[in-house]
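Let me begin by presenting the structure, written as C-alpha cells, before commenting on it.
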Amino acid sequence: MKSEIYNKKAKLFKALSNPVRLEIIDFLADGEKCVCEIVEKLNYEQPHISKSLIKLKEAGLIQDKKVGLNVYYSLKTHCVSEFIRCIDVVENN
C-alpha cells in the first residue's frame, strides 16, 4: 500500500520533469485552454504538445473535455501550479 502511494508520486514528478510540460502547467493555471491555443502560445509542434498533454493527463494533473472538434484542457490538480510557483521563489533566492 505504502509503495503504491510513492509510485504514484514518482509518476507525478516524472510528468513534471519536462520543461514543455511545466510550461503547459503554467499556461493552464489561467484556466481551460484548447490544444490550438497551447500550441500557438508555447510555439512547439502540435505532436510534441499532444504527447506532453497525454503524460500530464496520465499523471492525473490535467483533464480534458471535447467540444465539437476541439479538445480543451484544464488543471485537475490546482495545487501543482502553486507548487511550481513556490519552486520559482526558491529558484530566485
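Count the net charge of all other residues whose Cβ sits under 14 Å from the Cβ of SER74, scoring Lys and Arg as +1 and Asp and Glu as -1.
Neighbourhood net charge equals 0.
Cα gyration tensor of the chain, axes a ≥ b ≥ c as square roots of the eigenvalues: rounded (a/c below 1.5), prolate (a/b > b/c) or oblate?
The shape class here is oblate.
Rounded to the nearest 20 Debye, what is the dipole magnitude of the stretch 2-91 about its Cα centre when Lys and Arg each give +1 and Asp and Glu each give -1 at the C-beta?
Numbers: 15 positive and 13 negative charges, 110 e Å.
About 520 debye.
Using Cα-Cα distances under 8 Å and only pairs 6 or more residues apart, what relative contact order does the stretch 1-70 have, in percent?
In percent, rounded to a whole number, it is 37.
Here, each number is a calculation from the coordinates, and none is a lab measurement. For clarity, every value in this text was computed on a predicted model and none was experimentally measured. Positions of Cβ are generated from backbone atoms using ideal geometry, with glycine treated the same way; all protein chains shown enter the neighbour counts.
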